[in-house]
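Student: One structure, as structure tokens, below. Some questions next.
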Amino acid sequence: MGREFELKYAATAADLEKIKLRYPRLSPIVMETTYYDTPDGLLGNLHWTLRRRMENGKSVCTLKTPAGGLSRGEWETECGSILDAIPALIALGAPKELEDFTAQGLTESCGAKFTRLAAAVEPESCTVELALDEGILTGGGKELPFTEVEVELKEGSEEAAAAFAARLAEEFGLQPEYRSKVARARALAQK
């Protein structure tokens, strides 16, 4: 299974400016995400995230599923169409039920547009991606600005990644953000 271990923190624009001074080698990625669900909302009810994200003009389709704790199942493939990506995601190990679930069709449920400043950081016993995100969540014709910091484990120990994230949060006064972008965008669409 593809797996993601990530910690997320709410932040302000001023927090991001301070972090950028500490980590000056952050590279920009312009992202525009469309989240999909079935017409009856099945994927959302299962807490599955199916998305197509443009990353500096490159189309990446992703499925995320619950995996317990701070981890999630995650599979992604470069593909121009979310429907064309489904067989490729399953071939990568995504749950085969995805094909049955999406046979009824897909609708765009919500989205996000943001700029990410990202860099690989190598604290002791791991490599993480440090990402500073600033943009808007979209849903139901509404927009919600957001600013956050993510620490995603790329290699090594989850404990070491969590320890790095805790030090970062303490140093910059960051508060945990327990809801994903898609959860916040879905909530916006339902208001």
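Student: Once you place label points 7 Å from the Cα toward the Cβ at Thr127 and Thr115, how far apart are they in nm?
Tutor: 2.7
Student: Still on this structure: Report which label in [x] 31; [y] 58; [z] 35 holds the value of percent of Cα pairs over 25 Å apart derived from the coordinates of this structure.
Tutor: Recomputing percent of Cα pairs over 25 Å apart here gives the entry labelled [z].
Student: Filter the trypsin sites (Lys or Arg not before Pro) in the stretch 1-57 down to the DSSP loop ones having no more than 15 other Cβ atoms within 10 Å, then list what survives.
Tutor: Loop-located and lightly packed - Arg25.
Student: Still on this structure: Quick one: which of Lys20/Lys142; Lys113/Lys154; Lys64/Lys113; Lys20/Lys154; Lys113/Lys191 span more than 26 angstrom between C-alpha atoms?
Tutor: Listed pairs above 26 Å: Lys20/Lys142.
Student: A follow-up question, please. Once label points are set 7 Å from the Cα along Cα→Cβ at both Arg179 and Thr107, what is their separation, rounded to one decimal in nm?
Tutor: Computed distance between label sites Arg179 and Thr107 equals 2.0 nm.
Student: Determine the relative contact order of the stretch 72-191: mean sequence separation of Cα pairs under 8 Å and six or more apart, normalised by residue count, in whole percent.
Tutor: With pairs under 8 Å counted, the relative contact order is 21 percent.
Student: What does the accessible area per residue of the chain come to in Å², with a 1.4 Å probe and no ligands, DNA or RNA counted?
Tutor: So the chain comes to 51 Å² accessible per residue, rounded to a whole number.
Student: Roughly how many nanometres apart are two label points built 7 Å out from the Cα toward the Cβ at Lys142 and Arg167?
Tutor: So the two model labels end up 4.0 nm from each other.
Student: Can you send over the carbon and sulfur percentage of the accessible area for the chain, probe radius 1.4 Å, protein chains only?
Tutor: 50
Student: At a Förster distance of 41 Å, what's the computed FRET efficiency of Glu99 paired with Arg25, Cβ-Cβ distance as r, to 0.05?
Tutor: That pair, Glu99 with Arg25, gives E of 0.50.
Student: Next question. Kindly state, to the nearest 0.05, the FRET efficiency for Thr12 paired with Ser59, given R0 = 30 Å and r defined as their beta-carbon distance.
Tutor: 0.45
Student: With θ set to phi - 60°, apply the Karplus curve 6.51 cos²θ - 1.76 cosθ + 1.60 along the stretch 62-77 and write out the HN-Hα couplings as whole Hz, x wherever there is a Gly or Pro.
Tutor: Computed from phi, the couplings for the stretch 62-77 are 9, 10, 10, 9, x, 9, x, x, 8, 9, 9, x, 8, 9, 9, 8 Hz.
The values are calculated or read from the model by the stated rules, or taken from the named source; none is laboratory data. Values in this document were obtained by computation on a predicted structure and should not be read as measured data. Cβ: placed from backbone, ideal geometry, glycine included. Neighbour counts: every protein chain shown. What goes into the accessible areas is simple: the full protein's heavy atoms, side chains included, and nothing from ligands, DNA or RNA. Shrake-Rupley method; radii C 1.70, N 1.55, O 1.52, S 1.80 Å.
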